[in-house]
1. Of the residues in region 68-111, how many are assigned to a helix (DSSP H, G or I), of a type outside the set (A, V, I, L, M) and over 21 Å from the mean Cα position of the chain (by Cα)?
2. Of all residues in region 164-203, which are assigned to a loop (DSSP other than H, G, I, E, B) and more than 18 Å from Trp22 (Cβ to Cβ)?
3. Report yes if some residue within region 136-145 is within 17 Å of the chain's Cα centre (by Cα) and modelled with pLDDT of 90 or more; otherwise report no.
4. Does region 63-73 contain at least one residue that is small (Gly, Ala, Ser), under 28 Å from Ile162 (Cα atoms) and in contact (Cβ under 8 Å) with a residue 60 or more places away in the chain?
5. Of all residues in region 78-101, count the ones that are more than 20 Å from Arg9 (Cβ to Cβ) and open to solvent by 60 Å² or more (accessible area, probe 1.4 Å).
6. Specify the residue that is least open to solvent (accessible area, probe 1.4 Å); the eligible residues are those in region 137-153 that are in a helix (DSSP H, G or I) and of a type in the set (A, V, I, L, M, F, W, C).
7. Counting only residues that are acidic (Asp, Glu) and within 24 Å of Arg9 (Cβ to Cβ), which one in region 102-133 is least open to solvent (accessible area, probe 1.4 Å)?
8. So is Ser190 at pLDDT below 90, under 30 Å from Ala38 (Cα atoms) and exposed (fewer than 11 other Cβ atoms within 10 Å of the Cβ) or not?
Amino acid sequence: GNVANRTLRSAYAAFPKTFEKWARRSTISDFRPISRVAVSGAPELKKVLGGAEFTYGTMGATAEVIQLATYGRIISITRQALINDDLDALSRIPAAFGARAAQLEGDIVYAILMQNPAMADGTDLFHADHGNLGTAAVIGEASLSEAYRKFAQQTGIEGRKISILPQYIIVPPGQRSVEARKQVTATTPSNTADVNPYAGRMQ
């Protein structure tokens, strides 16, 4: 049992989980729906003249609901299969389950992005009203400039501009991955027109 548990955990830990770079892990104690609250920034500070009173400001909040779920399967192993296992195939089962659990985590996280769910405000995660939809284009200087501009225009719950810079480019394998890698790679340009302004700024 201990050997199987160590094998399972080792395979789980070794499986690449790319979402861990941009997603945060948290602990949930039970299976009830939980609200994750985001508090707005502090209100604008007002100049206070000598002898004058400080005035009240307000702070807003919004919440998204998350919930824990259980995943699992059972396989049956007969006594005869255990005795006849001369190829040691059964000892690799815990490792296979560990790798599958890690793969499932990634599938669930990326499925949320692909499904573009509605947020607490009733608007889809990626929507023109959220100011986070760009023009479909090759990943290059022009499209990244547009993305940076949209990031700079993002506002907090209280409606004020927030300072937020993109750090990761999330792309599928293939042509988009090739385009993205070219934009984060440092080069040695022969003139200023060939300078890559995004080299080393994102992953």
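The values are calculated or read from the model by the stated rules, or taken from the named source; none is laboratory data. Worth saying up front: this structure is predicted, and the values here are computed from it rather than measured. Here the Cβ is made from the backbone with ideal geometry for all residues, glycine too, and neighbour counts use every protein chain on show. SASA here: full protein model, heavy atoms, side chains in, ligands and nucleic acids out. Shrake-Rupley method; radii C 1.70, N 1.55, O 1.52, S 1.80 Å.
1. Qualifying residue count for the region: 7.
2. Selection gives Gly174, Thr185, Ala186, Thr187, Thr188, Pro189, Ser190, Asn191, Val195, Asn196, Pro197, Ala199.
3. no
4. No.
5. Total satisfying the criteria: 8.
6. Step one: of region 137-153, the residues in a helix (DSSP H, G or I) are 141-152.
Okay, now just the ones that are also of a type in the set (A, V, I, L, M, F, W, C), so 142, 144, 147, 151-152.
Numbers: Ala142: 83, Leu144: 17, Ala147: 36, Phe151: 71, Ala152: 62 Å².
Among residues in region 137-153 that are in a helix (DSSP H, G or I) and of a type in the set (A, V, I, L, M, F, W, C), the one least open to solvent (accessible area, probe 1.4 Å) is Leu144.
7. Our first condition is that a residue be acidic (Asp, Glu); within region 102-133, this holds for 105, 107, 121, 124, 129.
Within this subset, residues satisfying the condition of being within 24 Å of Arg9 (Cβ to Cβ) are 105, 107.
Working: Glu105: 51, Asp107: 91 Å².
Applying the filter and picking the extreme gives Glu105.
8. Answer is no for this residue.
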